[in-house]
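Starting off with a structure, shown below.
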Amino acid sequence: NAGVTQTPKFQVLKTGQSMTLQCAQDMNHEYMSWYRQDPGMGLRLIHYSVGAGITDQGEVPNGYNVSRSTTEDFPLRLLSAAPSQTSVYFCASSYSGLASTDTQYFGPGTRLTVL
Amino acid sequence: GNSVTQMEGPVTLSEEAFLTINCTYTATGYPSLFWYVQYPGEGLQLLLKATKADDKGSNKGFEATYRKETTSFHLEKGSVQVSDSAVYFCALSDPIRYGGSQGNLIFGKGTKLSVKP
């Protein structure tokens with residue numbers, strides 16, 4: 001049972017490049033989400049999904065795209081990277097996302113630098 | 001809107017000192033409250049949670065009580081260790097979400113704790 005896995009761990013991009021951050025979980029969780037962590041800002045929700053085929057925007061969705069074709073995977077796409085997207089990205093999952101009491105399980109993070 | 005406010009860090013303590021990290025919140029309903037911990041170079045992991053008023057969450061010697069009257073969820077530990085050095089995040093999820101998921105978390109900015117031997 002690997003939990004929540006993220007790849008890559010580190011990535012450097014040039015402005016305008018695109019890339020996909022991968023996230024997978026093996027706990028059969030319905031809910032998955034992406035957060036970004038910036039110094040002095042805590043974690044902010046980018047996008048989330050309550051099940052395969054269902055996605056929605058969080059607090060800071062601009063410049064990011066998601067899709068959820070399977071229960072296990074929830075990739076985050078940067079369409080045209082900008083320096084403002086330099087951050088640490090965390091993927092998280094929980095059992096349903098339909099209960100405010102659910103515990104979320106976080107991946108180890110991807111540190112992204114955009115030059 | 002919903003929000004979480006944590007005390008500013010960093011906090012530096014000597015081993016065996018008493019720890020308090022303050023957390024207050026605003027929410028539309030009766031949220032669930034969480035403390036997550038992030039050790040250096042790692043992702044976040046749940047430390048403890050409380051899902052209704054007057055509940056006390058506890059784990060690894062840490063505890064926090066859900067105080068509805070003061071809208072607070074302060075984290076305490078009686079005797080910290082060097083291994084407790086980490087960043088601590090207070091968070092809430094609100095059962096009343098207009099257009100969103102009840103599972104979405106709102107985080108405070110985090111408090112960095114350093115414990116010296």
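The values are calculated or read from the model by the stated rules, or taken from the named source; none is laboratory data. In this text, all values refer to a predicted model and were calculated from it rather than measured experimentally. Positions of Cβ are generated from backbone atoms using ideal geometry, with glycine treated the same way; all protein chains shown enter the neighbour counts.
Under 19 Å from A:Ser93 (Cα atoms) and either over 9 Å from the mean Cα position of the chain (by Cα) or small (Gly, Ala, Ser) (or both) - does that describe any residue in the range B:78-91?
yes
Continuing with this model, one more query. Can you say whether A:Cys23 is facing chain B (nearest Cβ under 10 Å) and either closer than 28 Å to B:Lys112 by Cα or touching a strand residue (DSSP E or B) at 6+ places or on another chain (Cβ under 7 Å) (or both), as far as the supplied structure shows?
In short, no.
For the range B:27-61, give me the residue count where each residue is away from chain A (no Cβ under 11 Å), touching a Leu at 6+ places or on another chain (Cβ under 9 Å) and in contact (Cβ under 8 Å) with a residue 40 or more places away in the chain.
Within the range B:27-61, residues that are away from chain A (no Cβ under 11 Å), touching a Leu at 6+ places or on another chain (Cβ under 9 Å) and in contact (Cβ under 8 Å) with a residue 40 or more places away in the chain number 1.
OK, next. Take residues that are touching a Ser or Thr at 6+ places or on another chain (Cβ under 9 Å) and either among the polar types (S, T, N, Q) or closer than 16 Å to A:Thr101 by Cβ (or both) and tell me which of the strands (runs of 3 or more DSSP E) falling wholly in the range B:19-114 contain 2 or more.
Hits in the range B:19-114: B:23-26, B:32-38, B:44-50, B:56-59, B:62-65, B:86-93.
For the range A:26-56, what are the residues that are free of Cβ contacts under 8 Å to residues at least 24 places away in the same chain, away from chain B (no Cβ under 13 Å) and at positive phi? Please lay out each step first, then the result.
From the range A:26-56, those free of Cβ contacts under 8 Å to residues at least 24 places away in the same chain are A:39-42, A:44-45, A:51-56; that's our starting set.
Within this subset, residues satisfying the condition of being away from chain B (no Cβ under 13 Å) are A:52-53.
Scanning the range A:26-56 gives a single hit, A:Gly53.
Which one of the conditions (1) without any contact (Cβ under 8 Å) to a residue 60 or more places away in the chain; (2) within 11 Å of chain B (Cβ to nearest Cβ); (3) farther than 20 Å from B:Leu44 by Cα; (4) among the aliphatic types (A, V, I, L, M) does A:Leu98 fail to meet, given that it meets all the rest?
The failed condition is (1).
Here is a yes/no grid of residues against (1) surrounded by fewer than 16 Cβ atoms within 10 Å (Cβ to Cβ); (2) under 11 Å from the mean Cα position of the chain (by Cα):
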| residue | (1), (2) |
| --- | --- |
| A:Thr20 | yes, yes |
| A:Asp26 | yes, no |
| A:Tyr35 | no, yes |
| A:His47 | no, yes |
| A:Gln57 | yes, no |
| A:Thr71 | no, no |
| A:Leu76 | no, yes |
| A:Ala82 | yes, no |
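Moving on. Modelled with pLDDT of 95 or more, outside any strand (DSSP E or B), out of contact with any strand residue (DSSP E or B) (no Cβ under 7 Å at 6 or more places or on another chain) and of a type outside the set (Ser, Thr, Tyr): is that true of A:Gly40 in this structure? Steps first, please.
Values: modelled with pLDDT of 95 or more: no; outside any strand (DSSP E or B): yes; out of contact with any strand residue (DSSP E or B) (no Cβ under 7 Å at 6 or more places or on another chain): yes; of a type outside the set (Ser, Thr, Tyr): yes.
Here the answer is no, as A:Gly40 does not meet what is asked.
Can I ask one more? So which residues in the range B:1-43 are aliphatic (A, V, I, L, M) and touching an Asp or Glu at 6+ places or on another chain (Cβ under 7 Å), if there are any at all?
Passing the criteria: B:Leu19, B:Ala27.
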